[in-house]
Amino acid sequence: MKTTVPVIAAFLSGFVMLLAFFFNPETSFLGRLEPEVLSWVTIVGGFTLLLGVVSIIRVNYSSVKRKSSGWGYKLATLVSIFAMAIPAIFPVRWSSLFGTGTGSIYDWLFNYIDSPMMSTMFAMLAFYIASAAFRAFRARNAEATLLLITATLVMLWRVPMGEALLQGIHGNLPNLINTYIMNGANMAVQRGIIIGAALGAAAMSLRIMLGIERTYMGK
Amino acid sequence: MAFSTGSGRLPFIFLILIILIMPVLSFAQADSGDTANSYFRIERINALVAMILFSVVILIYTRWAKAGKDLFIRKINGLDEVEEAVGRATEMGKPVLFVPGLQEIDEIETIAGISILGRVARITARYETPLLVPVRYPMVLAAGQEVVQQAYIEEGKADSYNKDIVRYVAGEQFAFTATVNGFMMRERPATNIYMGAFFAESLLLAETGNAAGSIQIAGTAQPAQLPFFIAACDYTLMGEELYAASAYLSREPLLLGGLKGQDWMKVLIIILILLGIILVSAEVSDWYLSMFESV
Amino acid sequence: MTILLVFAYILLILIGAFLLYMAFKTDDRRYIYAAVAFYVIFPVIVTLKLPITTSPEVKQLYDAVEALPDSSTVMLTFDYYPSTLAETEPMSHAALHHLFRKDCKVITMTTIPLGGPSIAERVTRKLAEEYNKVYGIDFVNLGYKANYVAVLKGMGTSIETIYPTDNSGTRLSEIPMMENIENYSDIDFIFVVADNSIVDYWISIVNAQYNNPVGTGVTAVMAPRYFAYISSGQMTGMLGGMKGAAEYETLLNKPAAANMGMTSQSLVHLFIIFSVIAGNIIFLTSKKGRDGKRT
């Protein structure tokens, strides 16, 4: 029963969504089912948010209670959760500071703390790519050398100074890189990977729907 | 039982339903010439044919595999190294970090990641190696906890299971990344396994893991992130190798059969592409290209 | 001034070479980080305007928007997170300059809940003020709705069903601009600015099923993936990263943030190339390199 019911549910859900793709939403019930089911998924997902909040509070609270190493940071995590969530939940009619609209506490915390922190983390990629390139781009063999040369040409092509350098070598070199590397080799490889990944995803979806693959349930 | 993997009746029930229902309902139109008012979207018939063909090929190979036919699968280095990598963590007394991607449970990459997590959890349960699985979404948390708990029970180590092995850390991409990076720099896990959908944070995770001295195995079907994992990780599974991982690690005939069927579909696509090239070059391709018009 | 500039850039090269030397000597990656930081900050202090040449993909997008009749209706999406503002916001700015200059009616929306609506509001209002555009007559912000697949599909039937009100709660039926706009068939062009895979859904749902032309602005990491879509005609041009935004700004004759960022980007790229070449020279001349062994 513990195995059969989820497998039946997976089959029926997948089959219904598959059918809905082939039916006209304007004239048939099956066609209208797809957006309806997607809305149900969003609603169920909303309820599961509670699971995440409980998990994060439990893990961090136990560290704060025991005053384990780094407990101050765990306390900051808990304070941040409540500082953003509580003012956002209260109705706007109580005060313009509540809710999630412009001028609210939530909006201020998002724009002046959360957003800059997100941008900073993303900006760190520039440093990490430099150290990864420095460490990993070694001409160990023919393939690695080809990768190195291609990466160098594309990096030069993507910036004005590099483009000027390439044009100095040969006036049409940037266009040749665009045509033969980006619109040639790159496009072919991307198409191959996309097709392969899509087939893999379709095969896995079919196996899950038919109950052949049940490892995601822990079986 | 109809829904067990053993009998295999379910796949054929599915195929019969598809083959019967679609054409029958395609005749149930308000006006046979008026496709806008029809129930069945006849313009999507090409997708239906492709789906039926795909299903038939997969099911045939699954049947052959079940009948005992020997199916070859090529070596995937990253997956072969998983057990050794966990062994390394056990010897060093350090934890294993497993990240099942940063997408929701309804994405197929996450399901593939959770499937691999089950296998990894069995190994860590067997060797009693600490395991940490940070997740970004609550539904992935629920699925992950179920899978890990089941793995520990199957290894007879139910007492070693701790609910906080799989923990929700943050819903925002970079908050999640910062938390995981912090864990890596503090705990210095011996092995990092990234299996699932990753985005801009892929290099942040992989480089931090590299700085922490961890052995890293990654797998994703996001083409944009593959170069970063290849540069920073010891082993990388590319695209469909991630989806093949479950079949590869378990070596279950049914799963391997599905994999072979998928490969034959790729051969068919290659043949169709080559045929298209010839027909387009000969300028007699209009009928052929119209078969593939996307809807 | 020119002499000072030359001197400044010679100094740059020497500082970069020194930091690289220290990185090799001490095997400490923080010297690399210091060099990158220096090359990003320096052009902010010592500015240098670089000539920007236009790539075919950006020209294609510019021409497509330029060819729209004045007063056309265009949907501009803000499908990006605050983390990628440096790359994507210049694209939105440039797009709005182009659209407002042509007196196009602009409908903005987002599929990103975290900051999407407020970014759309802030950017659009700022540029609307510059061009004396009136909310409700020249532009409208629909905001965010959950479940992007349902949103994209639903707008094909009725925008008002998906967005009964705009971002500030005004009913769509009360907004003059939305009077004659029911669904995608009333929208002349869709300009998607995104930093995630939502672009695939815009192409597969909106372009494939409703035949709306879709032009995109994406981050540099994502850009290589979409050359295939441009080649097949599914995408009408693309802005790839900050360089794409800079090219678009140049075509519009409105150099702004993206143009300013080009110098920093150029210097960092050149430094990385230089460090990779230097590293390879040392590797190849070392014993390990000569023996062909992995480092």
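The values are calculated or read from the model by the stated rules, or taken from the named source; none is laboratory data. On a predicted model such as this, the values are computed, not experimentally measured, just so you know. Cβ atoms come from the backbone with ideal geometry, glycine included; neighbour counts cover every protein chain shown.
When you scan the range B:28-77, how many residues do you find that are in contact with a strand residue (DSSP E or B) (Cβ under 7 Å, 6 or more places away or on another chain) and either at pLDDT 85 or above or away from chain A (no Cβ under 12 Å) (or both)?
Looking only at that region, the number is 2.
Before we move on, is A:Asn141 under 21 Å from C:Gly244 (Cβ atoms) and free of Cβ contacts under 8 Å to residues at least 24 places away in the same chain?
So A:Asn141 does not fit the description; no.
Is the range C:276-293 home to any residue that is surrounded by 18 or more Cβ atoms within 10 Å (Cβ to Cβ), within 10 Å of chain A (Cβ to nearest Cβ), more than 20 Å from C:Phe189 (Cβ to Cβ) and under 24 Å from the mean Cα position of the chain (by Cα)?
Looking through the range C:276-293, none of the residues is surrounded by 18 or more Cβ atoms within 10 Å (Cβ to Cβ), within 10 Å of chain A (Cβ to nearest Cβ), more than 20 Å from C:Phe189 (Cβ to Cβ) and under 24 Å from the mean Cα position of the chain (by Cα).
I'm trying to understand the selection: among the residues of the range A:85-115, which are under 24 Å from C:Leu85 (Cα atoms), surrounded by 13 or more Cβ atoms within 10 Å (Cβ to Cβ) and not hydrophobic (A, V, I, L, M, F, W, C)?
Once the filter is applied, which keeps residues that are under 24 Å from C:Leu85 (Cα atoms), surrounded by 13 or more Cβ atoms within 10 Å (Cβ to Cβ) and not hydrophobic (A, V, I, L, M, F, W, C), the range A:85-115 yields A:Thr100, A:Gly101, A:Thr102, A:Ser104, A:Tyr106, A:Asp107, A:Asn111, A:Asp114, A:Ser115.
Filtering the range B:110-160 down to residues that are among the polar types (S, T, N, Q) and under 27 Å from A:Gly200 (Cα atoms), which residue is modelled with the lowest pLDDT?
Only one residue tops the list, namely B:Ser115.
Among the residues of the range A:171-188, which ones are surrounded by fewer than 14 Cβ atoms within 10 Å (Cβ to Cβ) and within 22 Å of C:Asp200 (Cβ to Cβ)?
Of everything in the range A:171-188, those that are surrounded by fewer than 14 Cβ atoms within 10 Å (Cβ to Cβ) and within 22 Å of C:Asp200 (Cβ to Cβ) turn out to be A:Ala185, A:Ala188.
Being within 30 Å of A:Asn178 (Cα to Cα), modelled with pLDDT of 85 or more, more than 7 Å from every other protein chain (Cβ to nearest Cβ) and in a helix (DSSP H, G or I) is the requirement here; does A:Thr145 meet it?
Criteria met by A:Thr145.
Looking only at residues that are buried (at least 23 other Cβ atoms within 10 Å of the Cβ) and farther than 17 Å from B:Leu132 by Cβ in the range B:207-221, which one is farthest from the other protein chains (Cβ to nearest Cβ)?
B:Gly219
Look through B:Ala125, B:Ala112, B:Ala142 and report the one residue that is among the small types (Gly, Ala, Ser), more than 17 Å from the chain's Cα centre (by Cα) and within 11 Å of another protein chain (Cβ to nearest Cβ).
So the residue among B:Ala125, B:Ala112, B:Ala142 that is among the small types (Gly, Ala, Ser), more than 17 Å from the chain's Cα centre (by Cα) and within 11 Å of another protein chain (Cβ to nearest Cβ) is B:Ala142.
Looking at A:Ala188, A:Ala151, A:Ala202, which is the one that is more than 7 Å from chain B (Cβ to nearest Cβ), small (Gly, Ala, Ser), under 27 Å from the mean Cα position of the chain (by Cα) and closer than 30 Å to B:Trp264 by Cβ?
Of the residues listed, the single one that is more than 7 Å from chain B (Cβ to nearest Cβ), small (Gly, Ala, Ser), under 27 Å from the mean Cα position of the chain (by Cα) and closer than 30 Å to B:Trp264 by Cβ is A:Ala188.
Any residue at all in the range A:157-170 that is surrounded by fewer than 17 Cβ atoms within 10 Å (Cβ to Cβ) and within 21 Å of the chain's Cα centre (by Cα)?
no
Only residues that are at the interface with another protein chain (Cβ under 9 Å from one of its Cβ atoms) and part of a loop (DSSP other than H, G, I, E, B): list them for the range B:170-196, please.
Once the filter is applied, which keeps residues that are at the interface with another protein chain (Cβ under 9 Å from one of its Cβ atoms) and part of a loop (DSSP other than H, G, I, E, B), the range B:170-196 yields B:Ala170, B:Gly171, B:Glu172.
Of the numbered conditions (1) surrounded by fewer than 22 Cβ atoms within 10 Å (Cβ to Cβ); (2) free of Cβ contacts under 8 Å to residues at least 60 places away in the same chain, B:Ile60 fails exactly one; give the number of that condition.
Only one criterion is unmet by B:Ile60, namely (2).
Conditions first: (1) touching a helix residue (DSSP H, G or I) at 6+ places or on another chain (Cβ under 9 Å); (2) surrounded by fewer than 18 Cβ atoms within 10 Å (Cβ to Cβ). C:Val268 passes all but one, so which condition is the exception?
(2)
Could you tell me whether C:Ser264 is within 22 Å of C:Val36 (Cα to Cα), part of a helix (DSSP H, G or I) and facing another protein chain (nearest Cβ under 7 Å)?
No: the conditions fail for C:Ser264.
Among the numbered criteria (1) out of contact with any Gly (no Cβ under 6 Å at 6 or more places or on another chain); (2) without any contact (Cβ under 8 Å) to a residue 12 or more places away in the chain, which single criterion is violated by A:Thr215?
Going through the list (1) out of contact with any Gly (no Cβ under 6 Å at 6 or more places or on another chain); (2) without any contact (Cβ under 8 Å) to a residue 12 or more places away in the chain, A:Thr215 breaks only (1).
Just to verify a result, which residue in the range C:209-248, among those that are part of a loop (DSSP other than H, G, I, E, B) and under 14 Å from the mean Cα position of the chain (by Cα), is nearest to B:Phe229 (Cα to Cα)?
The extreme case among them is C:Val221.
So in the range A:22-56, with the set limited to residues that are facing chain B (nearest Cβ under 7 Å) and assigned to a helix (DSSP H, G or I), which one is surrounded by the fewest Cβ atoms within 10 Å (Cβ to Cβ)?
Here the residue is A:Leu49.
Name the residues in the range C:201-225 that are within 10 Å of chain B (Cβ to nearest Cβ) and under 18 Å from A:Ile195 (Cα atoms), would you?
Listed by number, the residues that qualify are C:Ile203, C:Ser204, C:Ala208, C:Met222, C:Ala223, C:Pro224, C:Arg225.
Please work out if C:Ile187 is buried (at least 20 other Cβ atoms within 10 Å of the Cβ) and under 25 Å from C:Asp63 (Cα atoms).
yes
Given the criterion free of Cβ contacts under 8 Å to residues at least 24 places away in the same chain and among the aromatic types (Phe, Trp, Tyr), identify the matching residue among C:Tyr62, C:Tyr31, C:Tyr39, C:Tyr81.
Matching residue, one of C:Tyr62, C:Tyr31, C:Tyr39, C:Tyr81: C:Tyr31.
Test of understanding: among B:Leu226, B:Leu242, B:Leu259, which residue is surrounded by 15 or more Cβ atoms within 10 Å (Cβ to Cβ), under 26 Å from C:Asp200 (Cα atoms) and assigned by TED's automatic domain parsing to the domain that holds B:Ala65?
It is B:Leu259.
Residue-by-condition table, conditions (1) in a helix (DSSP H, G or I); (2) more than 13 Å from chain B (Cβ to nearest Cβ):
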site	(1), (2)
A:Ala88	yes, yes
A:Arg93	no, yes
A:Gly99	no, yes
A:Met117	yes, no
A:Met124	yes, no
A:Tyr128	yes, no
A:Arg135	yes, no
A:Arg138	no, no
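Check the range C:144-156 and report whether any residue there is touching a strand residue (DSSP E or B) at 6+ places or on another chain (Cβ under 8 Å), closer than 30 Å to A:Ser39 by Cα, crowded, with 20+ Cβ neighbours inside 10 Å and modelled with pLDDT of 95 or more.
No - not one qualifying residue is present in the range C:144-156.
Sort out which residues of the range B:223-232 are of a type outside the set (Gly, Ala, Ser), at the interface with chain A (Cβ under 10 Å from one of its Cβ atoms) and assigned to a loop (DSSP other than H, G, I, E, B), and write them in order of number.
Answer for the range B:223-232, where residues must be of a type outside the set (Gly, Ala, Ser), at the interface with chain A (Cβ under 10 Å from one of its Cβ atoms) and assigned to a loop (DSSP other than H, G, I, E, B): just B:Pro223.
If you go through the range C:151-207, how many residues are touching a helix residue (DSSP H, G or I) at 6+ places or on another chain (Cβ under 7 Å) and part of a loop (DSSP other than H, G, I, E, B)?
Count: 11.
Checking B:Gln150 against (1) over 25 Å from C:Ile112 (Cβ atoms); (2) within 12 Å of chain A (Cβ to nearest Cβ); (3) more than 23 Å from the chain's Cα centre (by Cα); (4) among the polar types (S, T, N, Q), which test does it fail?
Among (1) over 25 Å from C:Ile112 (Cβ atoms); (2) within 12 Å of chain A (Cβ to nearest Cβ); (3) more than 23 Å from the chain's Cα centre (by Cα); (4) among the polar types (S, T, N, Q), B:Gln150 violates only (3).
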